[in-house]
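Presented below is the structure to which this report refers.
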Amino acid sequence: MSDLKAIRFDNLQVSVQRLAAQHGIDLDNVTETIEERGKRLAKEAYQSYLRRSNRDAWRMSVWSGHAAKRFTFADWDVTVQGDSQLAAEIGNQAYKLTQQIFKQPMNVLLLGKGGVGKTSLALAMLYKLAEQFSVMFVSTTELAGMLNNQYSYADAKERIRKIEEAMKTVDVLILDDFGTEGGMKIINGSSENIQPVRKDMQELLFRVADERIDAERNCAKRTTIITTNNTQKQLEMMYNPKLISRLLPKAEEQRIKFNGMGDVRRV
């Protein structure tokens, strides 16, 4: 490196050695070019940013029971179901959709009755995607409860604001038990009297859903995974159809149906 010439910068003669020393470069042991070093530092800075974003979004998660839950694809035990082949097919569908999400964001809907494993598979997708993306879990029932109590606690409104901002920007968002917060009464043992969801909850979720789509390209900008016990018709009775249109995927291949699966909760 002895034949390197001084370079001119802002009309001042600055030696290569001095610049190297300022930037921590050992000219006697150079193993990467300036361009390679720049790319490496940019990559390290971006990875550091992702780690911070991941932690911030994860901390804003809203869990049912206020405790984080963990489930992976390896935990999906098909033998607990009466139809193990169907359980395997559903697990494979969730895994394949996860692999597609690594390439392209999309909305995914898991629907079926309670206790069949919708939340478990949604969590498996979430933890797998967390290898590359920022992720967040939101129980809509718990979120509705927070809105209900926002006037009782001094810091509640600020926390809800931060949760909403995280829901808008996180790479992968789970909305768990969507529709449960609406409430549903049974009349005469059969007829359903579905109640509209409170106005502030509808407005919050609409702002989130609207931010997570690319209106110009008519596609998802970020991934949203929804689990629900309700039909689309019931959800449209609880929520403004414009919100449902932004959340629920139209493509059948992005809908995981748990039809034929039994309740496996051990309670």
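Has the range 117-131 got any residue that is part of a helix (DSSP H, G or I), of a type in the set (D, E, K, R), touching a Leu at 6+ places or on another chain (Cβ under 7 Å) and in contact (Cβ under 8 Å) with a residue 12 or more places away in the chain? Write out each step before concluding.
Applying the first criterion (part of a helix (DSSP H, G or I)) to the range 117-131 yields 118-129.
With of a type in the set (D, E, K, R) added as a condition, the list becomes 118, 128.
If we keep only those that are touching a Leu at 6+ places or on another chain (Cβ under 7 Å) too, we end up with 118.
Next, from what is left, pick out any that are in contact (Cβ under 8 Å) with a residue 12 or more places away in the chain: 118.
Looking for residues that are part of a helix (DSSP H, G or I), of a type in the set (D, E, K, R), touching a Leu at 6+ places or on another chain (Cβ under 7 Å) and in contact (Cβ under 8 Å) with a residue 12 or more places away in the chain, one finds at least one in the range 117-131, hence yes.
The residues of the range 222-267 that are in contact with a strand residue (DSSP E or B) (Cβ under 6 Å, 6 or more places away or on another chain) and of a type in the set (Val, Ile, Thr), listed by number, are THR223, THR224, ILE225, ILE226, THR227, THR228, ILE256. Consider the range 241-255 and keep the residues that are assigned to a helix (DSSP H, G or I) and farther than 10 Å from LEU97 by Cβ. The one that is nearest to the chain's Cα centre (by Cα) is LEU247.
The numbered conditions (1) under 15 Å from LYS168 (Cα atoms); (2) at pLDDT 95 or above are all true for ALA215 except (2).
The values are calculated or read from the model by the stated rules, or taken from the named source; none is laboratory data. Bear in mind that the values here come from a model prediction, so they are computed numbers and not experimental data. Cβ: placed from backbone, ideal geometry, glycine included. Neighbour counts: every protein chain shown.
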